[in-house]
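Each remark here refers to the structure printed beneath this line.
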Amino acid sequence: MTEQAFIEVDRVEKVFDVRRRTGFLKRERRQVRAVDSISFTVARGEMVGYIGPNGAGKSTTIKMLTGILTPSGGRLRVAGIDPSRERTRLAHRIGVVFGQRTTLWWDLPLVDSYKLMHRMYRIPDARYRENLDRLVELLDLGDLLDVPVRQLSLGQRMRGDIVAALLHDPEVLYLDEPTIGLDVVSKGRVREFLKEINAERGTTVLLTTHDLQDIELLCSRVMVIDHGRLMYNGPLAGLHEAGESERTLVVDLERELPPIDAPAPARVVKVDGPRQWLAFPASESAAPLVARIAAEYPLVDLSVREPDIEAVIAKMLHSSGETRGETPGETLGETPKPPPEREPTT
Ligand SMILES: Nc1ncnc2c1ncn2[C@@H]1O[C@H](COP(=O)(O)OP(=O)(O)OP(=O)(O)O)[C@@H](O)[C@H]1O
Ligand SMILES: [Mg+2]
């Protein structure tokens with residue numbers, strides 16, 4: 001354990017027993033390995049993205065980190081606390097936002113939920129007032145405090161939930177899809193806010209999202225999970241390498257021409273009238289390609305487009321599936337699996 005490791009996840013597993021009806025009086029028992037021997041650490045004050053396709057095991061991981069779910073194997077520590085054993089003690093130190101569910105009282109005005117949390121968490125009065133004022137200002141909720149939660153729009157409710165998660169000054173914030181369903185303006189507001197709270201208070205943030213812009217704008221590091229296994233853990237830039245991502249050169253020629261004869265691995269991927277799209281490795285400079293096209297074709301205009309991260313991840317997961325058994329560059333998918341370890345249960 002490194003000293004700064006604030007969140008420690010060591011070969012953690014979660015296996016669900018699922019019973020399914022397969023016919024009249026027929027049931028089938030099956031095990032779902034939602035999290036499969038995952039290890040990572042998060043340092044205090046870090047903002048880390050946790051991404052992967054539907055059903056990858058992201059929410060299950062977060063539920064284990066809050067103590068809602070008990071791991072089937074491995075070791076977990078958050079601020080030195082074993083979440084499932086000391087869930088209440090940990091609750092004072094963490095904040096959680098599940099974008100798909102609210103923790104607010106549906107029929108009460110927003111501010112009443114906050115008052116309840118004030119008491120539940122025994123937040124000192126002065127601290128509560130100060131936090132509430134600051135958070136409400138940052139998230140622009142002033143006009144909504146007296147509105148019952150059920151009357152709030154999704155974006156308003158989400159901001160309300162974020163305030164609720166932070167009133168007790170948690171040291172770590174788990175965000176499970178905090179921007180789901182939000183419009184561009186609300187997303188921007190939530191992102192700005194997270195940046196500020198991280199800079200201001202040094203809050204450690206673990207962020208799960210399907211909106212990769214959230215990650216690009218907020219996280220220095222990203223972890224990719226697929227089928228319960230950690231496939232990548234490193235900087236966002238490295239993900240591009242692991243996914244062999246490509247940039248796109250868009251060129252406008254004077255007139256419609258056959259596809260440009262480009263030096264491999266660059267190649268034309270689309271032609272539309274005088275406009276052509278060429279894909280080339282993101283790790284290479286566009287300059288030689290541009291020079292060559294400019295010398296040989298009637299070039300009018302050009303632009304370069306950055307790779308789409310969603311495509312990069314899809315490609316990375318796809319290629320690591322194809323090369324199972326080998327050791328692909330920076331990805332972690334094929335690390336040999338250690339024998340499962342179990343904590344003694346009491
Ligand atoms: N309580 C449960 N009982 C049985 N299976 C479960 C339970 N919770 C999750 N699972 C299964 O575990 C797997 C991982 O689910 P999880 O909710 O962690 O995925 P996720 O990465 O959060 O996906 P999404 O992006 O759709 O939110 C899925 O196959 C899911 O069906
Ligand atoms: Mg989920």
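The phi torsions of region 42-54, fed into the Karplus equation with coefficients 6.51, -1.76 and 1.60 and a -60° offset, translate into couplings of 10, 7, 4, x, 6, 10, 10, x, 10, 10, x, x, 4 Hz, rounded to whole numbers, with Gly and Pro shown as x.
Proximity of backbone amide H atoms, modeled 1.01 Å from N, is registered between Tyr232 and Val224, Leu332 at under 5 Å, excluding neighbours fewer than 5 places apart on the same chain.
Distance between the C-alpha centres of region 30-71 and region 230-284: 34 Å, rounded to the whole angstrom. Backbone amide hydrogens, once placed in the peptide plane, bring Leu173 within less than 5 Å of Gly95, Thr204, Val205, Leu206, excluding anything fewer than 5 places away on its chain. The sum of -39500 (n - 2.57) across all DSSP H runs of n ≥ 4, divided by the residue count of the chain, sets its helix-only mean residue ellipticity at 222 nm to -9500 deg cm²/dmol.
Loop-located trypsin sites (Lys or Arg not before Pro) in region 238-270 (DSSP state not H, G, I, E or B) with no more than 13 neighbouring Cβ atoms inside 10 Å: Arg255. When you filter the GluC sites (Glu not before Pro) in region 186-286 for DSSP loop state and at most 12 other Cβ atoms inside 10 Å of their Cβ, you are left with Glu254, Glu256. Backbone phi angles across region 115-124, fed through the Karplus curve with coefficients 6.51, -1.76 and 1.60 (θ = phi - 60°), yield HN-Hα couplings of 4, 5, 5, 3, 7, 4, 8, 6, 7, x Hz in residue order; Gly and Pro are listed as x. Which of Thr22, Thr209, Thr61 moves most in a GNM of the chain, Cα contacts under 10 Å? Of the options given, Thr22 has the highest mean-square fluctuation. Over all distinct Cα-Cα pairs of the chain, the Kirkwood formula returns a hydrodynamic radius of 22.9 Å.
Which shape class, rounded, prolate or oblate, goes with region 89-139 when its Cα gyration tensor gives a ≥ b ≥ c as root eigenvalues, a/c under 1.5 marks rounded, and past that a/b bigger than b/c marks prolate? Note, shape of region 89-139 comes out rounded. Applied to region 138-145, the Karplus parametrisation 6.51 cos²θ - 1.76 cosθ + 1.60 on θ = phi - 60° returns per-residue 3J(HN,Hα) values of 4, 9, 6, 10, x, 6, 10, 4 Hz, with x for Gly and Pro. Highest mobility in the GNM of the chain, judged by mean-square fluctuation with C-alpha springs under 10 Å and restricted to Leu175, Leu317, Leu289, is found for Leu289. Is the shape of region 137-273 rounded, prolate or oblate, going by the alpha carbon gyration tensor and its root eigenvalues a ≥ b ≥ c, with a/c under 1.5 for rounded and a/b larger than b/c for prolate? Because a/c hits 1.5 or more and a/b exceeds b/c, region 137-273 counts as prolate. Our summary gives the chain a relative contact order of 18 percent, counting only alpha carbon pairs under 8 angstrom and 6 or more residues apart. The shape of region 2-134 comes out oblate: with a ≥ b ≥ c from the C-alpha gyration tensor, a/c is at least 1.5 while a/b does not beat b/c. Out of all DSSP beta bridges with both ends in region 5-240, state the antiparallel percent to the nearest 5. Roughly 60 percent of the DSSP beta bridges within region 5-240 come out antiparallel.
Distances between placed amide hydrogens fall under 5 Å for Phe6 paired with Val42, Ala43, Arg44, all partners being 5 or more residues away or on another chain.
Throughout, read-outs are computed from the coordinates displayed, never taken from laboratory work. Small disclaimer: the values here were computed from a predicted structure and weren't measured. Glycine gets a Cβ as well: all are built from the backbone with ideal geometry, and neighbour counts include every protein chain shown.
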